[in-house]
Amino acid sequence: MVTMKNLHNISNKVISLLGVGYYDGKLFRLVCAPDYKLLWQEADEDFRPSILILSRKLYTEYTDSYPLESQLEVNKLIALELQSKSGINQFITYKANDGRIASNKWHFEGVNIGAKVIIPETFLLGSNLAFFKAVEVIGNNSTSYIVNTPRGIISAVKGGLISSLNSFSMASGVSETLGPDFTQVTFNQMAELVGKSLPVLLAKNGKAFYVSQQKGGDFQQLAKPLFITASFVFILYLLLSSVYLEVEAWRVSTKLENGSAEVDEALSVQNEFNKLSAELSRQQLFIDTQSTKTPFWTVLEPLLQEARFRSIRYRNGRFVLNGETEQATRLLELLIANPNVDDAKFDNQIRKSRNSEVFLISFRLKGADNGNI
């Protein structure tokens with residue numbers, strides 16, 4: 001039976017495989033320990049994060065509000081406003097309680113880690129807070145304060161006049177409502193919070209945090225961010241649906257244990273329990289088979305440096321890659337040498353096209369039940 005602990009472990013393992021990083025002047029990588037706890041580990045020199053969480057000290061944060069009712073029109077207005085600004089600019093809009101549209105804006109200058117998705121840590125940690133609940137984030141080499149309000153997230157780095165919660169609450173203008181409702185988050189605790197918050201955040205607002213792509217971007221430029229969002233939406237779906245089934249099965253099981261005075265009701269409960277148990281078994285099988293797709297990205301990523309892909313398909317248990325490169329046999333050699341790949345081969349003859357070779361290569365993933373993927 002799928003348990004909450006199993007779901008938590010599966011989620012943490014998958015998230016750790018997606019290349020999540022944290023940068024505060026030094027780059028860290030999110031890893032999954034043998035006990036399935038998420039933690040930060042100083043990154044190797046060759047690590048390039050797919051998703052980068054940026055320390056509060058490395059960006060400027062703004063709040064603003066607009067006397068408009070249409071959130072879509074405000075989004076267009078802000079996007080137009082930010083077009084002329086240098087660096088990386090991001091924003092999120094909210095419907096405030098006073099009928100206005102509120103927004104948070106973030107500006108990053110000089111951040112060049114190569115990530116396709118960059119997320120401010122204040123939004124990641126603050127967006128799920130109750131209004132006026134303050135959090136002190138004790139990072140690797142800086143401390144910051146965060147509070148969520150109906151008009152957006154307000155934050156500041158500890159230092160200078162902002163030296164304590166009291167000074168921060170006075171500067172943010174919410175000192176009368178903060179009170180004792182205050183939480184500390186250490187650097188290690190932040191890793192676990194990332195595992196809980198990141199899937200939901202990307203499912204709801206992932207598009208806002210994509211780093212702008214140059215016009216004319218080809219398939220591999222767009223594939224990685226799309227894969228990231230799809231993966232997290234998939235994880236979120238599994239968690240929500242499996243938790244629901246787990247709760248329902250527990251409820252029906254409790255009814256059976258307590259017994260029932262009427263035979264018809266007992267039979268109905270038994271039938272419902274059997275149905276839910278079968279659904280849970282299918283859910284576990286679905287998780288097991290779908291999780292084998294995660295290693296596919298580790299196989300594909302080095303190939304993106306060698307070739308331009310036209311399409312990537314999954315057919316009859318095999319991944320099929322179509323594209324062009326200077327030397328197609330080089331791609332086949334890389335696939336054959338990869339320990340996660342089995343039965344890599346050309347499906348068609350190589351065609352010459354100007355200065356490149358057009359190829360169609362397919363392969364299976366080792367250890368995967370390819371017939372059920």
Notebook entry, point to check: Restricted to segment 312-345, and to residues that are at pLDDT 85 or above and of a type in the set (Gly, Ala, Ser), which residue is surrounded by the most Cβ atoms within 10 Å (Cβ to Cβ)?
Noted result: GLY323
Check: Which residues, taken from segment 158-187, are loosely packed, with under 14 Cβ neighbours inside 10 Å and modelled with pLDDT of 70 or more?
Finding: GLY159, GLY160, LEU161, SER163, SER164, ASN166, GLY173, THR183, GLN184, THR186
Item checked: segment 313-330, residues that are over 29 Å from the mean Cα position of the chain (by Cα) and of a type outside the set (Asp, Glu) -> THR325, GLN327, ALA328, THR329, ARG330
Check: When segment 112-128 is examined, which residues are found to be over 18 Å from VAL157 (Cα atoms) and either surrounded by fewer than 18 Cβ atoms within 10 Å (Cβ to Cβ) or among the charged types (D, E, K, R) (or both)?
Finding: ASN112, ILE113, GLY114, LYS116, ASN128
Next item on the list: Would you be able to say whether some residue in segment 32-41 is of a type outside the set (Gly, Ala, Ser), buried (at least 18 other Cβ atoms within 10 Å of the Cβ), under 20 Å from ILE118 (Cβ atoms) and in contact (Cβ under 8 Å) with a residue 60 or more places away in the chain?
Entry: yes
Margin query: Six or more apart or on different chains, Cβ atoms under 8 Å: show the pairs whose first residue is in segment 336-347 and touching a residue at least 24 places away in the same chain (Cβ under 8 Å) and whose second is in a helix (DSSP H, G or I).
Written below: ASN338/VAL299; ASN340/PRO295; ASN340/THR298; ASN340/VAL299; VAL341/VAL299; VAL341/LEU335
Next item on the list: May I ask you to list pairs of residues, at least six apart or on different chains, whose Cβ atoms are under 9 Å apart, with the first in segment 83-96 being in a loop (DSSP other than H, G, I, E, B) and the second being of a type in the set (Asp, Glu)?
Entry: SER86/GLU109; GLY87/GLU109
Item checked: Residue ranges of strands (runs of 3 or more DSSP E) in segment 1-73 with at least 1 members of a type in the set (Lys, Arg) and either modelled with pLDDT under 85 or not assigned by TED's automatic domain parsing to the domain that holds THR298 (or both) -> 27-32
Next item on the list: Read through the list (1) more than 24 Å from SER65 (Cα to Cα); (2) in a loop (DSSP other than H, G, I, E, B); (3) in contact (Cβ under 8 Å) with a residue 60 or more places away in the chain, then give the number of the only condition that ASN128 fails.
Entry: (1)
Notebook entry, point to check: What is the number of the single condition among (1) free of Cβ contacts under 8 Å to residues at least 24 places away in the same chain; (2) touching a helix residue (DSSP H, G or I) at 6+ places or on another chain (Cβ under 9 Å) that SER164 does not meet?
Noted result: (2)
Note to self: Taking the conditions exactly as written (assigned to a strand (DSSP E or B), closer than 29 Å to ASP46 by Cβ and not hydrophobic (A, V, I, L, M, F, W, C)), does ARG308 satisfy them or not?
What the structure shows: yes
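The values are calculated or read from the model by the stated rules, or taken from the named source; none is laboratory data. Predicted model, so just to flag it, every value in this text is computed and none were measured. Methodologically, a virtual Cβ is constructed for each residue, glycine included, from the backbone with ideal geometry; neighbour enumeration extends over all protein chains shown.
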